[in-house]
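Asks: Handing you this structure, nothing more for now.
Every number here is computed from the coordinates shown, using simple stated rules; none is lab data. It should be emphasised that the depicted structure is a prediction, and the values quoted were computed from it without experimental measurement. With ideal geometry, Cβ positions are generated from the backbone for all residues, glycine too; neighbour counts draw on all protein chains shown.
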Amino acid sequence: MTEAAPHVGAPPAERLARVLDRFAGLAVAVSGGVDSLTLASFAHRHGVTLTVIHAVSPAVPAEATLRVRRLAAAQGWALTVTGTGEFDDPRYRDNPVDRCYFCKTNLYDRIAGLTAQPIASGANLDDLGDYRPGLIAAAERRVVHPFIEAGMTKSDVRTLARALGLDAVAELPAQPCLASRVETGIAIDAGDLAFVEMAERRLADLTGGGTLRCRITHQGVVVELDGEAMGQAGAVEALMAGLCAEAGRAYAGNRPYRRGAMFVGAKLVSTKVVGA
């Protein structure tokens, strides 16, 4: 059954508090991005008995793990860092269009083996308009989505993060896992993900911000830039040509950023989420 939105006219933080009041405890899956960090921070301050689970793998940037550890220490979270085992799953490594389903299947099954608390994700309303096969895995495992139940968008989450004093977290760009940079049908390889992580770190240092992606495609390495970073396309090309030459990779140039560009093949238009 779908929960009715709690007190629709109330401010987002009040709606979220009333959603969380249903739970004596929660296991929050924290990736290191703005959504899950904000959810864990708010739930902790609201008095929910919290277990924070952060999964490490070649698909998770090292800086995300460092961010989780630092915030957990600062706020006094009960933090568990674990592997998920998705790289042992050939269905994930084969990188089909629904790869995220197998990633989240491994993640939520691992969390369920660590705690009896209900599992919560940081998904927000904006995620329902995107292709998110991981939400199907979540629905099958009765994962709850407090932001969705509270009717909160990404903008609402960023506003809440600022209200919690998490200004640096609030400004984090959208940063899906590194495997999202690999085009459908190209096997997920830890070496490719390490190259992507290194290249994007160097690109961010060069451009100073904006949305950028280093993509592993069937044509070679492609860099996607938003409008702000496009102004430095020449410098980006020079950097990437050098990095690709050093790594023995083909560089296929730059193009404008396009969300979900690595998905090839049929995709679902929307995803039904239990509790949304």
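Asks: Would you mind telling me the antiparallel percentage of the DSSP bridges in the chain, rounded to 5? Before the final figure, lay out each step's value.
Replies: Numbers: 6 of 24 bridges.
For the chain, the DSSP antiparallel bridge percentage is about 25.
Asks: At 0.36 nm per residue, and after removing the present C-alpha to C-alpha distance, how many nm does the segment from ASP205 to ASP21 gain when stretched out fully?
Replies: Value of the extension gain: 62.0 nm.
Asks: So, in Å, what gap is there between the alpha-carbon centers of the range 14-42 and the range 50-113?
Replies: Between the Cα centres of the range 14-42 and the range 50-113 lies a distance of 17 Å.
Asks: Explain nothing, just the number: relative contact order of the chain, from Cα pairs under 8 Å at least 6 residues apart, as a whole percent. Don't skip to the answer; put the middle values down first.
Replies: Values: 471 pairs, mean separation 58.5, N = 276.
21 percent.
Asks: Size of the dipole of the range 178-256 about the Cα centre, Lys and Arg at +1 and Asp and Glu at -1 on the beta carbon, nothing else charged, in debye to 20?
Replies: 80 debye
Asks: Only Lys, Arg, Asp and Glu count, each charged at its Cβ (+1, +1, -1, -1), so figure out the dipole size of the range 12-170 about its Cα centre, rounded to 20 debye.
Replies: Values: 18 positive and 17 negative charges, 69 e Å.
The calculated dipole for the range 12-170 is roughly 340 debye.
Asks: Then there's this: In the chain, with Lys and Arg counted as +1 and Asp and Glu as -1 at Cβ, which of these residues, THR115, VAL196, GLY260, has the Cα nearest the positive end of the dipole, that is, farthest along it?
Replies: Checked the options; the winner is THR115.
Asks: Sum -39500 (n - 2.57) across every DSSP H segment of at least 4 residues in the chain, then divide by the residue count to get the 222 nm mean residue ellipticity, nearest 500.
Replies: -12000 deg cm²/dmol
Asks: What is the distance, in nm, between label points placed 7 Å from the Cα along the Cα-to-Cβ direction at THR82 and at LEU66?
Replies: Between THR82 and LEU66, the label points sit 2.6 nm apart.
Asks: State the three equivalent ellipsoid semi-axes of the range 61-146, derived from the C-alpha gyration tensor as the square roots of 5 times its eigenvalues, in descending order and whole Å.
Replies: Its equivalent ellipsoid spans semi-axes of 22, 16, 14 Å.
Asks: Now for a different question. Assuming 0.36 nm per residue, please report the length gained on full extension of the stretch ALA252 to ILE186 beyond their Cα-Cα distance.
Replies: Value of the extension gain: 22.2 nm.
Asks: Charges on Cβ only, +1 for Lys and Arg, -1 for Asp and Glu, centred on the Cα centroid of the chain; of ALA247, THR207, VAL81, which one is farthest towards the dipole's positive end?
Replies: VAL81
Asks: How large is the Kirkwood hydrodynamic radius of the range 178-256, counting all unique pairs of alpha carbons, in Å?
Replies: About 12.4 Å for the range 178-256.
Asks: Rounded if a/c is under 1.5, else prolate if a/b beats b/c, else oblate: with a ≥ b ≥ c from the C-alpha gyration tensor eigenvalues square-rooted, which is the chain?
Replies: prolate
Asks: Okay, next question. Dipole size in debye (nearest 20) for the chain around its Cα centre, Lys and Arg Cβ +1, Asp and Glu Cβ -1? Intermediate values should be presented prior to the final figure.
Replies: Numbers: 29 positive and 30 negative charges, 75 e Å.
With Lys and Arg at +1 and Asp and Glu at -1, about 360 debye.
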